[in-house]
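What follows is calculated from the coordinates using simple rules that are stated; it is not laboratory data. Everything quoted here is computed from the prediction, not taken from an experiment. Here the Cβ is made from the backbone with ideal geometry for all residues, glycine too, and neighbour counts use every protein chain on show.
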Amino acid sequence: METIFTLEDLLNYYYNESSSKEKEAILKALKSDIKLKSEYEKLSSTLAKLSELSLEPSESSIEIILKSAAKDQHPELQ
């Protein structure tokens, strides 16, 4: 009987969070199942691109937050 792997299984494998038994089963399946291998390659490519992104707030967002925080600490300045 063929094991069906979920997206969660592939994510766990990608992040090295699978058990030894699961890793072995997924690796074996990746070698023999072209569709699963393609799905895993798309997943790993997408995750690699996501990790390259630099996510930072804009300068205006930072200014708004700092002004709001200053008002909360010093309500007499309002």
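Would you mind classifying the chain by shape? Square roots of the alpha carbon gyration tensor eigenvalues, ordered a ≥ b ≥ c; an a/c under 1.5 is rounded, otherwise it is prolate if a/b is larger than b/c and oblate if not.
In terms of gyration-tensor shape, prolate.
Of the chymotrypsin sites (Phe, Trp or Tyr not before Pro) in the chain, which ones lie in a loop per DSSP and count no more than 12 other C-beta atoms within 10 Å?
Those satisfying the criteria are Tyr15.
Can you give the local net charge around Tyr15? Use residues other than it whose beta-carbon is closer than 14 angstrom to its beta-carbon, Lys and Arg +1, Asp and Glu -1. Write out the running numbers ahead of the final one.
Working: positive: Lys23; negative: Glu8, Asp9, Glu17, Glu22.
Cβ neighbours under 14 Å give a net charge of -3.
May I ask for the angle, rounded to the nearest 10°, between helix 59-73 and the longest principal axis of the chain, with both axes built from Cα atoms and the value confined to 0 to 90°?
60 degrees
As a test of the formula, what do you get for the chain when each DSSP H run with n ≥ 4 contributes -39,500 (n - 2.57) and the sum is divided by the residue count, at 222 nm and rounded to the nearest 500 deg cm²/dmol? List each step's numbers first, then the result.
Values: 4 runs with 55 residues, N = 78.
The helix contribution divided over the chain gives -22500 deg cm²/dmol.
Amide H to amide H, which residues 5 or more places from Asp33 or on other chains are under 5 Å from it, using H placed in the peptide plane?
Correct list: empty.
Give the angle, between 0 and 90 degrees and rounded to the nearest 10, that separates the Cα long axis of helix 34-52 from the longest principal axis of the Cα atoms of the chain.
With rounding to tens, the tilt is 20 degrees.
Looking at the chain, which longest stretch skips every one of the GluC sites (Glu not before Pro) that is in a DSSP loop with at most 12 other Cβ atoms within 10 Å, leaving the sites themselves out? Let's see the in-between values first.
On the way: sites that count: Glu2, Glu17.
For GluC sites (Glu not before Pro) (loop position, at most 12 other Cβ atoms within 10 Å), the longest site-free span of the chain is 18-78.
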